[in-house]
Amino acid sequence: GMSGKKVNVLVVGLDNSGKTTIIERLKPRPKQSAEVAPTVGFAVDDLQKGPLNFTVFDMSGAGRYRTLWEQYYQEADAVIFVVDSADKLRMVVARDEMEHMLAHPNMRKVPVLFFANKKDLPVAMPPVEIAQALGLDYIKDRPWQIVPSNGLSGEGVDKGIDWLAERLG
Ligand code: GTP
Ligand code: MG
C-alpha cells in the first residue's frame with residue numbers, strides 16, 4: 001500500500017480485558033510502560049506499523065464509560081475487540097456489547113480483530129470456545145479474526161496486527 005497511510009483503530013472490550021496493555025506492546029520498547037492503570041474515558045496514541053500510521057483510540061471498558069465508544073464508530077477504519085479469555089462469567093456481557101457495537105448505525109463494515117487475551121492464565125478458554133461464546137460465526141458482513149494473545153509478554157499481538165494491517169494496507 002501507500003506509505004504513510006493513516007488509519008483509525010478503535011480498541012474496545014470490557015474493563016480489565018487488557019486493551020491498554022496490548023497497545024503498550026505496539027510501542028517501541030523504550031516507550032512501553034511496565035504498569036498500566038484502568039483507562040479513564042479514553043486515550044489516543046499514534047503508532048507506526050510497517051507502512052501504516054495507526055491512530056489508536058484506547059477506550060475504557062468500564063460500564064460508565066462504554067457509552068463513549070459509539071462516538072468513534074464513524075471514523076473507525078478497523079476495530080480491535082479485546083476479550084479476557086479467563087473471564088467466563090462476563091463472556092455474555094462481552095458478546096452483548098460486541099453485538100450492540102456491530103449493529104450501531106454509525107459502524108461501518110470494517111474489519112474486526114478479536115484478541116483472546118490472557119491466554120497465559122490456566123483457566124483461559126481456548127479461542128474456538130470464545131468464538132462460539134461470542135457467536136462470531138454470525139458475523140457475515142465484515143472480515144473478522146480471533147487471535148490468542150498475552151498482553152504481558154506480547155505473544156500473539158504482532159500476529160493480530162499483521163492480519164489487520166493486511167486488510168487496511
Ligand atoms: P480498562 O482500561 O479498565 O478498560 O482495562 P484494559 O482493558 O485497558 O485492561 P488493562 O490493560 O489495564 O489490563 C488489566 C489487567 O490485566 C492489568 O493488571 C494487566 O497487567 C493484566 N493483563 C493484561 N493482559 C494480560 C495477559 O495477557 N495476561 C495476564 N495474566 N494479565 C494481563
Ligand atoms: Mg485501558
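When the criteria are applied in full, Arg90 meets the requirement of being within 16 Å of ligand 2 (Cβ to nearest atom), charged (D, E, K, R), over 16 Å from the mean Cα position of the chain (by Cα) and open to solvent by less than 70 Å² (accessible area, probe 1.4 Å). For region 115-153, the set of residues classified as among the small types (Gly, Ala, Ser), open to solvent by less than 20 Å² (accessible area, probe 1.4 Å) and in contact (Cβ under 8 Å) with a residue 40 or more places away in the chain consists of Gly135, Ser149, Gly151, listed by residue number.
The residue that is least open to solvent (accessible area, probe 1.4 Å), among those in region 32-61 that are more than 15 Å from the chain's Cα centre (by Cα) and more than 25 Å from Glu166 (Cα to Cα), is Gly41.
Out of the residues in region 70-99 that are within 16 Å of Leu113 (Cα to Cα) and part of a helix (DSSP H, G or I), state the one that is farthest from ligand 1 (Cβ to nearest atom). Of everything passing the filter in region 70-99, Glu99 is farthest from ligand 1 (Cβ to nearest atom).
The values are calculated or read from the model by the stated rules, or taken from the named source; none is laboratory data. In this text, all values refer to a predicted model and were calculated from it rather than measured experimentally. Don't worry about glycine lacking a Cβ; one is built from the backbone with ideal geometry, like all the others, and counts go over all protein chains shown. Just so you know, the surface numbers come from the protein's heavy atoms only, side chains and all, with ligands and any DNA or RNA stripped out. Shrake-Rupley method; radii C 1.70, N 1.55, O 1.52, S 1.80 Å.
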